[in-house]
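Below: the structure, in structure tokens.
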């Protein structure tokens, strides 16, 4: 969500709600935090993915419970063709960086993209990226979604370029 406004309390589980659930079900809160936390609707209020937390509690097993969307599959073409430098930006996101974006230009069209900002804004709408409106930055919210990114591009012919860019990015942050 770019600007959740009135919907903040309906978006996901808060940190205190997940802590109470983990205590009740005797589940590791640190694992839940690493895997399912990371959406920010306000600067200091992290939100957890409720579907994934519920599956974690029910199965008592950490795992990838992400719901894939058809729209993301369509975005692979933009990655393969390195549209507007997307491969490098995806590598930087996977390496843990936050990227500045301007979501205001997004036309709410799921098939026409004029810049990486449009693609990244759509990924915010789909839940693949978390957007902090105070900083105007996106990032991959948690381990669950990070693994989805890696799984989705692993089989691409251009993966070698992305892996190199991820490694280059990591070496810059160390």
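What follows draws every value from the coordinates through simple rules; no lab data is involved. Source: prediction; values computed, not measured. When we count neighbours, we look across all protein chains shown, and the Cβ atoms used for this are built from the backbone with ideal geometry, even at glycine.
List of remarks:
- Label-point gap, in nm, between residue 133 and residue 100 - each point 7 angstrom along Cα→Cβ: 2.0
- Highest to lowest packing among 57-66, 127-136, scored as the average C-beta count within 10 Å: 127-136, 57-66
- Stokes-Einstein diffusion coefficient of segment 83-136, Kirkwood radius over Cα pairs, 20 °C, 1.002 mPa s, in µm²/s: 187
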